[in-house]
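Enquirer: Structure provided below as structure tokens; questions to follow.
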Amino acid sequence: MIRSVLTVSSGTLASRLLGFARDALTAALLGAGPVADAFLMAFQLINVIRRMLGEGALNAALVPAWMRLRDGSGPAAAAAFAGAVLGTVSAALIALTVIAAVAMPLLMRLLAPGFVGSESLQLTVTDARLMLPYLAFAGPAAVMIGLMNARHRFVIPAFAPLTFNIALILVAAVLLLSHRDSHSAALVMAATVGAAGLLQLVALATPVRRDNLASPLRISFDAGMRDFARKAIPGMIANSAPQLLIVAGAIVASASPSAVAWLYFANRLIELPLGMVGVAIGTVLVPELSRAFNKSDTAALAHAESRGLELAAGLALPATLGLIVLSEPIVRVLFEHGAFTAADTRATALALGCLALGLPAHILIKAVSPAFFARGDTMTPLLAALKGIAVAMVFAVIFGWMFGVGGIAAAMALGAWSNAAILARNAAATFGFSVDAEARRRLPRIVLAALLMGGTLWLALRSLPIMAGAHSILQAALLAIVIVSGIAIYTLLLLLFRVIDRSNMRAALTRSGPRDLRA
């Protein structure tokens with residue numbers, strides 16, 4: 001399980017780092033004005049769809065169903081089911097793309113009411129229409145990722161999304177070097193999104209076709225497909241709760257100039273640990289728990305749930321404290337270039353610190369939700385997610401009016417914790433979700449180690465007052481030293497508190513097991 005999580009995390013880390021490079025170039029190209037607000041509002045819509053379909057979201061329904069068919073009826077039946085899913089999802093998303101293109105003006109009036117009556121609304125509609133072809137490619141790509149994850153093949157699914165960011169980075173770099181105006185640059189970037197989706201699909205199609213994982217390809221509306229859709233749609237929405245929360249925040253923020261851009265760039269930094277930890281754990285836990293549930297192995301279920309919770313806490317807490325303490329220098333180093341000003345840095349850093357408060361909740365959700373998905377229950381996580389979004393929307397209006405963008409970000413964190421609390425309570429009531437004795441021993445020590453690391457980072461930042469006024473290269477070097485030192489200190493504390501053991505960790509990473517991690 002650790003090997004699998006590290007495989008997915010490595011791919012996600014590479015994708016997120018490329019995403020930062022993409023966003024840094026976007027910030028330099030567009031700044032944080034009306035053109036940027038329009039482009040990023042449209043991109044957030046596409047990004048929500050991307051997260052809803054990809055990053056393990058379809059695992060919630062596809063993997064348990066595929067594994068039951070494979071174990072009960074054989075590989076041929078599983079491949080036939082997968083072919084029906086792939087064909088039907090592809091056809092449905094092509095139709096949805098056409099409908100969305102026609103309805104985009106109305107859709108953007110609903111999603112960005114603050115843009116109505118300004119130039120940003122038409123810019124957003126145009127950008128979103130140019131990005132829409134990505135939707136038709138993202139669906140089949142997500143099905144292929146789910147099929148490979150079901151066979152415990154995590155390498156290509158983890159690294160295929162890199163093609164998306166690489167394409168956008170290359171185009172953004174060319175635009176920046178050619179000194180294109182922000183309006184035309186936004187249009188070219190928007191058109192590139194669809195082409196990048198096609199590249200990602202091509203990277204995934206070869207291994208799926210080679211291994212005959214989805215054959216024959218067909219459109220189906222039979223009972224099996226309807227049952228899959230009833231479970232898949234709620235599961236995808238529930239898995240996309242972090243992105244839906246940000247869209248909810250953007251709806252409220254659209255009434256304030258530049259607030260959409262500030263929230264977007266802050267959330268991009270949240271997505272690094274969320275993707276590395278939350279998505280990776282969720283992706284690996286679904287097949288792990290599905291196998292244990294299908295075999296009625298309660299000991300294996302409890303063990304996987306406990307280890308997943310330990311991994312979530314052990315990686316989420318230091319990331320949360322690091323983002324809060326280092327919010328301003330991180331934003332300054334990554335984004336304060338070109339049209340992105342010092343004032344934008346301060347506002348984005350404030351939003352980042354507030355959003356980071358909800359990061360442990362998001363990762364807890366990713367660790368608990370697979371216990372429901374493995375049992376075929378996708379409605380409970382969906383209802384918890386919708387209640388969390390409702391809480392966030394109500395408080396975003398109140399806090400946004402009182403505190404501006406920081407208040408909206410704090411409301412997003414509150415919504416995440418509401419979602420996590422509801423889900424954990426339902427898990428305990430439904431199937432007695434609990435941690436084993438080993439996890440109860442480790443979790444308090446993990447919390448203490450994270451707090452000590454956070455305090456060390458705070459002291460280090462206070463002792464480096466030259467960071468804000470230094471050359472950008474020196475700022476980046478100092479920030480890297482502080483972050484690496486924090487990671488080293490946290491690791492040493494975990495060893496000191498006997499949370500991790502070097503020999504056991506080495507064995508976990510090198511021991512050969514039944515899982516096939518090959519491409």
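The values are calculated or read from the model by the stated rules, or taken from the named source; none is laboratory data. Just so we're clear, the structure is a prediction, and the values are computed from it rather than from any experiment. Note that each Cβ is placed from the backbone with ideal geometry, even for glycine, and that neighbours are counted across all protein chains shown. Keep in mind that these areas ignore ligands, DNA and RNA; they rest on the heavy atoms of the full protein, side chains included. Shrake-Rupley method; radii C 1.70, N 1.55, O 1.52, S 1.80 Å.
Enquirer: Which one is least open to solvent (accessible area, probe 1.4 Å) among residues in segment 457-476 that are at pLDDT 85 or above and either within 28 Å of the chain's Cα centre (by Cα) or within 16 Å of residue 336 (Cα to Cα) (or both)?
Expert: 457
Enquirer: Separate question: Those residues that are within 17 Å of residue 271 (Cβ to Cβ), at pLDDT 90 or above and in a helix (DSSP H, G or I), I need them from segment 353-384; list them, please.
Expert: Residues satisfying the conditions are 353, 354, 355, 356, 359, 360, 361.
Enquirer: In addition: Looking only at residues in segment 104-117 that are in contact (Cβ under 8 Å) with a residue 24 or more places away in the chain and of a type in the set (Gly, Ala, Ser), which one is least open to solvent (accessible area, probe 1.4 Å)?
Expert: Once the filter is applied, the top-ranked residue is 112.
Enquirer: Let me ask you something else. Out of segment 9-47, which residues are over 14 Å from residue 169 (Cα atoms), open to solvent by 10 Å² or more (accessible area, probe 1.4 Å), among the aliphatic types (A, V, I, L, M) and under 17 Å from the mean Cα position of the chain (by Cα)?
Expert: 13, 45 - these are the residues of segment 9-47 that are over 14 Å from residue 169 (Cα atoms), open to solvent by 10 Å² or more (accessible area, probe 1.4 Å), among the aliphatic types (A, V, I, L, M) and under 17 Å from the mean Cα position of the chain (by Cα).
Enquirer: Determine, yes or no, whether residue 350 is under 18 Å from the mean Cα position of the chain (by Cα), surrounded by 22 or more Cβ atoms within 10 Å (Cβ to Cβ), at pLDDT 80 or above and more than 23 Å from residue 488 (Cβ to Cβ).
Expert: Here the answer is no, as residue 350 does not meet what is asked.
Enquirer: If you don't mind, another one. Do we find a residue being open to solvent by less than 30 Å² (accessible area, probe 1.4 Å), part of a helix (DSSP H, G or I), touching a Leu at 6+ places or on another chain (Cβ under 8 Å) and at pLDDT 80 or above anywhere in segment 273-290?
Expert: So far as segment 273-290 goes, yes, one or more of its residues are open to solvent by less than 30 Å² (accessible area, probe 1.4 Å), part of a helix (DSSP H, G or I), touching a Leu at 6+ places or on another chain (Cβ under 8 Å) and at pLDDT 80 or above.
Enquirer: Taking interchain pairs and intrachain pairs at least six residues apart, which have beta carbon atoms under 9 angstrom, with the first residue in segment 417-445 and closer than 14 Å to residue 312 by Cα and the second modelled with pLDDT under 85 and open to solvent by 50 Å² or more (accessible area, probe 1.4 Å)?
Expert: 442/500
Enquirer: What is the number of the single condition among (1) in contact with a Ser or Thr (Cβ under 9 Å, 6 or more places away or on another chain); (2) open to solvent by less than 50 Å² (accessible area, probe 1.4 Å) that residue 328 does not meet?
Expert: That leaves (2) as the condition not met.
Enquirer: Could you tell me which residue of segment 81-103 is surrounded by the most Cβ atoms within 10 Å (Cβ to Cβ), considering only residues that are in contact with a Ser or Thr (Cβ under 9 Å, 6 or more places away or on another chain) and small (Gly, Ala, Ser)?
Expert: 82
Enquirer: For residues in segment 496-509 being open to solvent by less than 70 Å² (accessible area, probe 1.4 Å) and within 14 Å of residue 444 (Cα to Cα), which is modelled with the highest pLDDT?
Expert: In this case the residue turns out to be 497.
Enquirer: Residue check, residue 238 against (1) part of a helix (DSSP H, G or I); (2) modelled with pLDDT under 80; (3) of a type in the set (Gly, Ala, Ser), all met but one. Which one?
Expert: (2)
Enquirer: Separate question: Being over 30 Å from residue 36 (Cβ atoms), surrounded by fewer than 24 Cβ atoms within 10 Å (Cβ to Cβ) and modelled with pLDDT of 80 or more narrows it down to one of 301, 323, 311, so name that one.
Expert: Unique residue meeting the criteria: 311.
Enquirer: With 349, 339, 319 as the choices, which residue is more than 16 Å from residue 242 (Cα to Cα) and outside any helix (DSSP H, G or I)?
Expert: None of the others qualify; the one that does is 339.
Enquirer: Condition first: surrounded by fewer than 16 Cβ atoms within 10 Å (Cβ to Cβ) and among the basic types (Lys, Arg). Can you find one or more residues in segment 226-236 that meet it?
Expert: Yes, some residue in segment 226-236 is surrounded by fewer than 16 Cβ atoms within 10 Å (Cβ to Cβ) and among the basic types (Lys, Arg).
Enquirer: Same structure, new question: Could you go through segment 404-411 and let me know if any residue there is among the aliphatic types (A, V, I, L, M), over 20 Å from the mean Cα position of the chain (by Cα), surrounded by fewer than 21 Cβ atoms within 10 Å (Cβ to Cβ) and farther than 30 Å from residue 227 by Cβ.
Expert: Scanning segment 404-411, I find no residue that is among the aliphatic types (A, V, I, L, M), over 20 Å from the mean Cα position of the chain (by Cα), surrounded by fewer than 21 Cβ atoms within 10 Å (Cβ to Cβ) and farther than 30 Å from residue 227 by Cβ, so the answer is no.
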